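Student: Structure incoming, see below.
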Amino acid sequence: MKKLIAIFTLLTSSSVMSFAQAEQSAEAQQPDTSKHAPFYQPRYKPEELAERQTKMYEKRLTLNKKQYQKVYETELDYWQQYQKIRINISEPDPVQLNQLITDRNEGIKNVLTPEQLKKFEASLPIPAHKAPTANLPPPPPAQK
């Protein structure tokens, strides 16, 4: 019985030690992000994001080659600026981000035909200050 307990204890302690070593080696392999690390680390390059968005617009709006190229350039500029802002600032200024989005949308609108423009504007989210309020319940009564 003592041999069985000794073997069990030996196996348990060896498994605990191997787990601790594996955890230490995993920590050692991770880069030190405490020094000079950006607040935001993008998953995709601006080129990939611009390509993805432009293909989506091409599908929805049936862009020709010239329009595709202009929309791609606008999207690329947007994503490069967006990532610069996000990398350097932990909480970007909402006004700055809204201006960036507005500039991107205006750049896209400039290359679209009237029919495409209608489709594009219909796909944009409604800003909160322009959202209809007719179907909203009344605000709760003020508490005293």
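Student: Take the residues in segment 78-109 that are in contact (Cβ under 8 Å) with a residue 40 or more places away in the chain and not in a helix (DSSP H, G or I); name whichever of them is nearest to Tyr68 (Cα to Cα). Talk me through it step by step, then tell me what you get.
Tutor: Restricting attention to segment 78-109, the residues satisfying the condition of being in contact (Cβ under 8 Å) with a residue 40 or more places away in the chain are 83, 86-90, 108.
From what's left, not in a helix (DSSP H, G or I): 89-90.
Numbers: Ile89: 31, Ser90: 33 Å.
Applying the filter and picking the extreme gives Ile89.
Student: Take segment 50-91 and flag every residue that is of a type in the set (Phe, Trp, Tyr) and under 16 Å from Lys109 (Cα atoms).
Tutor: Residues satisfying the conditions are Tyr57, Tyr68, Tyr72, Tyr78.
Student: How many of the residues making up segment 42-95 are among the hydrophobic types (A, V, I, L, M, F, W, C) and surrounded by fewer than 16 Cβ atoms within 10 Å (Cβ to Cβ)?
Tutor: 5
Student: Please tell me if Pro114 is more than 16 Å from Gln67 (Cα to Cα) and out of contact with any Ser or Thr (no Cβ under 7 Å at 6 or more places or on another chain).
Tutor: For Pro114, the condition - more than 16 Å from Gln67 (Cα to Cα) and out of contact with any Ser or Thr (no Cβ under 7 Å at 6 or more places or on another chain) - is not met.
Student: Sticking with this structure for a sec: Can you tell me which residue is modelled with the lowest pLDDT among those in segment 73-85 that are out of contact with any Leu (no Cβ under 9 Å at 6 or more places or on another chain) and within 23 Å of Lys55 (Cβ to Cβ)?
Tutor: As a first pass, look at segment 73-85 and keep what is out of contact with any Leu (no Cβ under 9 Å at 6 or more places or on another chain): 73-74, 77, 80, 84.
Going one step further and asking which of them are within 23 Å of Lys55 (Cβ to Cβ), we end up with 73-74, 77, 80.
Numbers: Glu73: 97, Thr74: 96, Asp77: 96, Gln80: 93.
Only one residue tops the list, namely Gln80.
Student: Test Ile108 against the stated conditions and say whether it is surrounded by 11 or more Cβ atoms within 10 Å (Cβ to Cβ) and at pLDDT below 90.
Tutor: When the stated conditions are applied, Ile108 does not pass them.
The values are calculated or read from the model by the stated rules, or taken from the named source; none is laboratory data. Just so it is clear, the model here is predicted, and its values are computed rather than measured. Methodologically, a virtual Cβ is constructed for each residue, glycine included, from the backbone with ideal geometry; neighbour enumeration extends over all protein chains shown.
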